[in-house]
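Reviewing the structure listed below.
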2 protein chains.
Amino acid sequence: MTPRREPLSRRERPAKPALSRQWIVDTAVRIMRAEGLEKVTMRRLAQELDTGPASLYVYVANTAELHAAVLDALLGEVDLAGETAGDGWRDQLLAVLTSYTLVLFEHPQLARSALVARPSGENYLRLLERIVDLLSRSGASREQVAWGVDKLLQDATATAAEQSTREHDPAAEDDWNALTRALHATSRTTHPAIKAHLPALLSGSVAERMRWGFDVLVDGITHTPVPGTADPAPPTSVS
Amino acid sequence: MTPRREPLSRRERPAKPALSRQWIVDTAVRIMRAEGLEKVTMRRLAQELDTGPASLYVYVANTAELHAAVLDALLGEVDLAGETAGDGWRDQLLAVLTSYTLVLFEHPQLARSALVARPSGENYLRLLERIVDLLSRSGASREQVAWGVDKLLQDATATAAEQSTREHDPAAEDDWNALTRALHATSRTTHPAIKAHLPALLSGSVAERMRWGFDVLVDGITHTPVPGTADPAPPTSVS
DNA sequence: ACCTGAACACCGTTCAAGT
DNA sequence: ACCTGAACACCGTTCAAGT
């Protein structure tokens, strides 16, 4: 506590805080918010923390683990209450999944990494708990709920991964235009089915499709028995 | 045709073929098959083609476009006939989607890029045509078919992206173990729903889950009306 | 134990210059 | 028009050496 002059080394840097996993992840989140996940590299992060990249490896195994930690931090923003929705489990489930999707929408590349590197952080577990709970109120079987939760999260994550990059990435627009042109350019003789469904293939807003996709899944999940349970299931010839 | 001695420059290289988009893509596919998509870089590809990376930019706009071309080449391997299946549209649809998924399973990272960069190559269009045709035989509305096809392909692609990387990536195994441990470590008081569904949350083989996921989607797609059509739809409050 | 400098082995993309 | 060398501006990760 005695004001015995700090050495004032490192010129004047304002109180470079000690390295720690928490501090590293927080800084990574800050960089992502400001400039996107693609800028959250070991080297850039080290620079931001005023050290060399090698120092980070004491706290973080590799870039994938770093991104996983950033993802979990972000999942803390998901509105688990589903406040905006009514009282029914279905509306609340839709609200929670929509909130999850919107959070991922804000951060394009993170949705992609979520599809690949299975999260297991505390915020992810909280989200999972909430979704299992809500879906179980549908009255579906344990197995339907368990497998269904996976499908719901996969769908939301994939939608975010698809859509979000289309919003933020300049080239994504071109891809969509290319597909639109390609579909319109198909001939009636070689691609009759596409021709016959053309307007509908490209119709609907993102929100409309998301909403419909949710209904499709919930209807399907609650009405399709899981094979190998008490429910009368179709014979499964798959290993 | 006269055997007038070739200059025999460049030492002895065996007939370096002229650069062309086709040749570039073919070489890229060969590298991917041998060493994975992560090795299909502009620099590595140029090296394989015995030139400098800058030369490739005459034929290919960037790495993303290159990967898209590789993906479309690969889609040529999908079994569109669904030979193995019976006569019903449902079995054939399952067969085609399974074939699509299996092709992506072989090449992990490509599935991920397929989720992001909407393909529009000729092989993709052929696949799309076939799936639209099969699903339309269900008798579902034009809109249900059109939007449903998207969901089916998204589901298959996401499953491949998720699963495949888990198979090929050494670290993916660890992720799954981490999740398994995290789920088992949850407390009954903070995560009761997870606890109650635990065995089922982790049960089922990939094939079983894929099969069930297909049934869920087809059931849901054919029974959930698309909003804004003649079908009696639930009121949509989403923009 | 924690931190670091320096190195190794790579990337994508551009651009001026050549043929 | 096509091709290229060389450069610019980056990467992740490791390792021996320091404190």
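Taken together, the values in this text are just the output of simple stated rules run on the coordinates, not laboratory data. For clarity, every value in this text was computed on a predicted model and none was experimentally measured. Don't worry about glycine lacking a Cβ; one is built from the backbone with ideal geometry, like all the others, and counts go over all protein chains shown.
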Roughly what angle does helix A:142-168 make with the longest principal axis of chain A, taking Cα atoms, 0 to 90 degrees, to the nearest 10?
70 degrees
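Note down the magnitude of the dipole of region A:142-229 about its Cα centre, charges +1 on Lys and Arg C-beta and -1 on Asp and Glu C-beta and zero elsewhere, to the nearest 20 debye. Walk me through the numbers before you get to the answer.
Working: 8 positive and 12 negative charges, 81 e Å.
I would put it at about 400 debye.
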Springs between alpha-carbon atoms under 10 Å, Gaussian network over chain A: tell me which of A:Leu134, A:Leu75, A:Leu183 tops the mean-square fluctuations.
A:Leu183
Report the Cα centroid-to-centroid distance between region A:54-124 and region B:121-182 in angstrom, as an integer.
21 Å
Under 5 Å from the placed amide H of B:Tyr59, counting only residues 5+ away or on other chains, we find none
Row for the protein assembly as shown, column shape: gyration tensor on C-alpha, a ≥ b ≥ c, rounded if a/c < 1.5 i.e. under 1.5, prolate if a/b over b/c, else oblate; value oblate
Taking a point 7 Å out from Cα toward Cβ as the label site, list the nm distances between B:Ala34 and the same residue in every other copy, smallest first.
4.4
For chain B, build the charge dipole from Cβ charges (+1 Lys, Arg; -1 Asp, Glu) around the Cα centre, then report which of B:Val70, B:Gly220, B:Ala111 sits farthest towards its positive end.
B:Val70
For peptide B:125-137, what's the mean number of Cβ atoms from other chains within 10 Å of each residue's Cβ?
4
Just how large is the dipole of region A:34-165 about the Cα centre, in debye to the nearest 20, putting +1 at every Lys and Arg Cβ and -1 at every Asp and Glu Cβ?
340 debye
Once a ≥ b ≥ c are taken as the square roots of the eigenvalues of the Cα gyration tensor of region B:137-221, is the result rounded (a/c under 1.5), prolate (a/b larger than b/c) or oblate (a/b not larger than b/c)?
oblate
Give the shape of region B:78-147 as rounded, prolate or oblate, defined through the alpha-carbon gyration tensor: a ≥ b ≥ c are the square roots of its eigenvalues, a/c under 1.5 means rounded, and otherwise the shape is prolate if a/b is larger than b/c and oblate if not.
oblate
What does the structure give for B:140-147 when I average, per residue, the other chain Cβ atoms found within 10 Å of the residue Cβ?
5
The longest stretch of chain B containing none of the GluC sites (Glu not before Pro) that sit in a DSSP loop with at most 13 other Cβ atoms within 10 Å is B:84-239
Can you work out ³J(HN,Hα) from phi for every residue in region B:23-40, in order, using Karplus 6.51 cos²θ - 1.76 cosθ + 1.60 and θ = phi - 60°, giving whole Hz and x for Gly and Pro?
5, 5, 5, 4, 5, 4, 4, 4, 4, 4, 4, 7, 9, x, 4, 5, 8, 7
Count, for each residue of B:172-179, the Cβ atoms from other chains sitting within 10 Å of its Cβ, then give me the mean as a whole number.
4
Taking the Cα-to-Cβ direction at B:Ala54 and at B:Ser203 and moving 7 Å from each Cα, how far apart do the two end points lie in nm?
6.3 nm
Between B:Thr190 and B:Ser20, what FRET efficiency follows from the Cβ-Cβ distance if R0 is 45 Å, with the result rounded to 0.05?
0.15
